[in-house]
Amino acid sequence: MIKVVNLKKKYGDFEALKGISFEAKNNSITALLGPNGAGKTTTLRILSGYFYQDSGDIEFYGEKFLQTPEFKRMVGYVPENNPVYDDLEVYDYLFWIASAYRLGKKEVKKAIDSCSIGSIIGERIGTLSKGYKQRVSLAKAIIHNPRLLLLDEPTTGLDPNQSDETRRLINDMKKDKTIIISTHILSEVEMLCDDMVIINRGEVVLSGSKKDIIEKNSVNEYVAVFEGNVEIDFSVIEGFESVNKIISNDETIYRIKFYIKSDMRKDIMELIKTHNLPLREFYKKRVTLDEIFKELTEKNNGVEIENN
């Protein structure tokens with residue numbers, strides 16, 4: 001497990017991190033979410049050992065993280081701008097990286113197989129698509145079999161097929177690693193991540209498992225759409241809290257909230273059937289990560305400085 005405690009970092013007078021704390025579990029993928037300038041990239045750079053924090057602690061698998069080669073070997077890092085040597089062929093580049101870790105052909109082959117890049121190992125990196133460059137960067141980051149893998153915006157700029165393949169590769173890698181990704185793509189979090197940490201203006205505003213966060217931020221609300229102008233009193237149902245009625249064109253929309261957490265669909269449908277009303281559509285409203293994210297970060301006034 002990776003544990004971050006009260007991490008702070010300033011750039012001059014600007015507080016990029018104001019004392020953030022969170023945990024990332026073993027064999028899982030944790031998302032760092034936040035608008036531009038929130039502190040995501042700064043956090044990853046500190047976790048990688050590239051930056052020093054001003055204060056705060058980082059615990060790596062039960063030990064305090066130190067800026068030493070032994071600890072840095074536990075980390076693999078893929079920055080957002082995907083730095084690679086365009087003039088080198090893929091295999092030569094990866095072999096050079098392996099040599100820096102005093103590793104050999106066996107580790108290079110394993111990284112190539114893990115990232116499905118065997119078909120392009122003789123190609124110059126500069127001639128590759130962005131999707132393949134991303135895979136080469138992933139191979140570079142895992143060649144020394146790190147326990148922690150840090151990925152900054154891993155699918156930005158990729159087409160849908162490339163994004164899906166990159167997510168598949170990342171998901172396969174979590175079997176023996178702790179993975180932390182920074183992203184602002186909510187659909188990516190839905191598909192890929194187990195836990196999430198929302199950062200806004202250098203502070204953690206929400207963290208926990210994806211499932212728990214959605215459940216805790218959900219409201220017991222239902223939407224019923226009727227044909228024509230319909231009048232119905234939902235307050236007769238036990239647990240009723242409020243209702244919002246909207247008349248639009250040739251239909252009436254009711255949004256009904258309950259203060260109790262029980263599933264009220266059966267009770268609502270029984271009331272509708274009793275009145276024999278022309279129901280067009282009925283469903284329980286589900287809160288989305290997009291809604292949660294917007295609510296927590298819409299007042300962000302951070303300045304984008306992290307990639308300067």
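Got a sec? Which of Val205, Val219, Val223 is within 30 Å of Lys9 (Cβ to Cβ), within 34 Å of the chain's Cα centre (by Cα) and either of a type in the set (A, V, I, L, M) or exposed (fewer than 12 other Cβ atoms within 10 Å of the Cβ) (or both)?
Details: Val219 fails: within 30 Å of Lys9 (Cβ to Cβ); Val223 fails: within 30 Å of Lys9 (Cβ to Cβ).
Result: Val205 is the single residue among Val205, Val219, Val223 that is within 30 Å of Lys9 (Cβ to Cβ), within 34 Å of the chain's Cα centre (by Cα) and either of a type in the set (A, V, I, L, M) or exposed (fewer than 12 other Cβ atoms within 10 Å of the Cβ) (or both).
Read through the list (1) outside any helix (DSSP H, G or I); (2) at pLDDT below 80, then give the number of the only condition that Glu295 fails.
Result: Glu295 fails condition (1) only.
In the list Ile232, Ile253, Ile272, which residue meets the criterion of being in contact (Cβ under 8 Å) with a residue 24 or more places away in the chain and assigned to a strand (DSSP E or B)?
The match here is Ile253.
Which of the strands (runs of 3 or more DSSP E) contained wholly in the range 1-71 include at least 2 residues that are of a type in the set (A, V, I, L, M) and in contact with a strand residue (DSSP E or B) (Cβ under 8 Å, 6 or more places away or on another chain)? Working first, answer last.
On the way: elements: 2-11, 14-24, 28-33, 55-60.
Passing ranges, in order: 2-11, 14-24, 28-33.
What helices (runs of 4 or more DSSP H), lying completely within the range 91-210, carry at least 3 residues that are within 19 Å of Phe293 (Cβ to Cβ), touching a helix residue (DSSP H, G or I) at 6+ places or on another chain (Cβ under 8 Å) and of a type in the set (A, V, I, L, M)?
The qualifying helices (runs of 4 or more DSSP H) are 186-192.
For Arg280, work out the one condition from (1) part of a strand (DSSP E or B); (2) closer than 22 Å to Gly37 by Cβ it doesn't fulfil.
(2)
Whether any residue in the range 15-30 is under 17 Å from Thr178 (Cβ atoms), in contact with a helix residue (DSSP H, G or I) (Cβ under 8 Å, 6 or more places away or on another chain) and exposed (fewer than 14 other Cβ atoms within 10 Å of the Cβ) is what I want to check.
Within the range 15-30, one or more residues are under 17 Å from Thr178 (Cβ atoms), in contact with a helix residue (DSSP H, G or I) (Cβ under 8 Å, 6 or more places away or on another chain) and exposed (fewer than 14 other Cβ atoms within 10 Å of the Cβ).
The values are calculated or read from the model by the stated rules, or taken from the named source; none is laboratory data. All values derive from a computational prediction rather than experimental measurement. Heads up, the Cβs are rebuilt from the backbone with ideal geometry, glycines too, and the neighbour counts pull from every protein chain shown.
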